[in-house]
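Reading through the structure tokens given below for one structure.
Just so you know, all these numbers are worked out from the coordinates, no wet-lab data involved. This one's a predicted model, so the numbers in the text were calculated from it and none came from an experiment. When we count neighbours, we look across all protein chains shown, and the Cβ atoms used for this are built from the backbone with ideal geometry, even at glycine.
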């Protein structure tokens, strides 16, 4: 099969799968899109918009106007194909065309048939896959400066790019000055822009200080045990990658294969950073796993049939959901899926707001429902798009817990909120966890008294100024 035919088929498959989610907005893509919407309203990231990820994560969304629907899913398809091409290019130059085809296929397959809330969102974890592949490929090719530039750009997408730097060092250590220069270049440009826009201090607090607090306060009771179990589960589900990759490390005679083993260990350490082991964190393992499995599949010879059989496991697990979503879209009926109930509730709340809102109206959302800004396109009344910076209770637990992280700024942020005057306030927590409702905070009750409840959905309480 020619490379052109391969990528044509991959494009058809990836696009078809992603278009099944054309009416869904996943949790991880809500906040970057919401931040991008505010940027389109003329606001500056970190100064006017509180955002806890590096700046390229929301900036990418500006390419299609930070819209949901077809544009978002086509953009996701294009990004996955970029990752496939980078894996193909790496494997082609490292081994040959057969390995290249397998590498591209593995990337496309496992960025489709895996947890939907992880593979669909063009958010920070998925957005690091392409810079990860490109940076290590360039380091292997001896292009240390360009490798550093790409790794540096990766840091402006996801802080875990620090681990990509460690992986690149396996090949670029002798050219460390050139790599370091390349790495510094995009970051110095970003720092200059942040400084000139008056948002450098906000960037430091929101991305790095809060990121360290987040990493140090996991909700997982026994992280080592949980990490072992989840990683074993990932490897079992991805056995079509794990088995040929193991075969590669056992059978390949290339003396440099140890670097791929260390690369895998570095990527696993990146998965463990933060001690949460969410499915999307395992994207750090995908580049090295896909490449090693591609080589292993070729080395397996006729025994590679076992790889094709193992691919039936994720296909059987996630394929029927794509079929069900496609059938619902074709029939024009609402999709019935527990995983998207909160998104559907946000869409219902946004429709209510759309009927009531007029020119100049603004919105504040309590809880983690940034998708409301995306659906309504309303400007935020404050720099806070959700309640984590005001309550200190992280979104990974606030539906069932009230324990805040020791963030020193939450009271000051609530005082800042109390000085604002949004047209609408939406409490997206009250009906899930009443102890974290906006009216549960004594210092916000006098401010909230200026509002009256005007509507409810299954998960939102909507207030309007009196």
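Looking at the range 340-465 alone, DSSP beta bridges between its own residues are antiparallel in about 65 percent of cases.
Label-to-label distance, residue 258 versus residue 328, with points set 7 angstrom from Cα along the beta-carbon direction: 5.2 nm. The calculated P(r) of the range 101-146, using every Cα pair and 5 Å bins from 0, goes 5, 19, 21, 23, 16, 10, 5, 1 in percent. Taking 37 °C and 0.692 mPa s as conditions, the range 242-388 diffuses translationally at an estimated 165 µm²/s according to Stokes-Einstein applied to its Kirkwood radius (Cα pairs).
Calculate, for residue 316 and residue 215, the FRET efficiency according to 1/(1 + (r/R0)^6) with r their C-beta to C-beta distance and R0 41 Å; round to the nearest 0.05. After rounding, the FRET efficiency stands at 0.70.
Within the P(r) computed for the range 340-465, what percentage of the Cα pairs occupies the region above 24 Å? Of all Cα-Cα distances in the range 340-465, 19 percent exceed 24 Å.
May I ask you to sort 369, 205 by Cβ crowding, counting other Cβ atoms within 10 Å and putting the fewest first?
Fewest-to-most ranking of 369, 205: 205, 369.
What whole number of Å gives the distance from the Cα centroid of the range 49-74 to the Cα centroid of the range 128-162? About 21 Å separates the Cα centre of the range 128-162 from the one of the range 49-74.
Give me 362, 112 sorted ascending by neighbouring Cβ count inside 10 Å, so fewest comes first.
362, 112
Among beta bridges identified by DSSP and lying wholly in the chain, the antiparallel ones come to about 60 percent. Per the Debye formula on identical point scatterers at the alpha carbon atoms of the chain, with no solvent, log10 I(q)/I(0) at q = 0.07 Å⁻¹ is -0.38. When Rg and Dmax are taken over the Cα atoms of the range 251-322, they come to 14.9, 43 Å. For residue 12 and residue 450, FRET efficiency with R0 = 51 Å and r from the beta-carbon atoms, rounded to 0.05? Taking R0 as 51 Å, the efficiency between residue 450 and residue 12 is 0.40.
Of 197, 117, 346, 2, how do they rank once you tally other Cβ atoms within 10 Å and put the fewest first? Walk me through the numbers on the way to the answer.
On the way: 197 15, 117 18, 346 28, 2 9.
Going from least to most buried by this count: 2, 197, 117, 346.
In the chain, helices alone account for a calculated mean residue ellipticity at 222 nm of -18000 deg cm²/dmol, with every DSSP H run of four or more residues adding -39,500 (n - 2.57).
Counting each pair of different Cα atoms once, what's the Kirkwood radius of the range 158-303 in Å, rounded to one decimal? Each step should come with its number before you reach the end.
Numbers: mean 1/r = 0.0568 Å⁻¹.
So the Kirkwood estimate lands at 17.6 Å.
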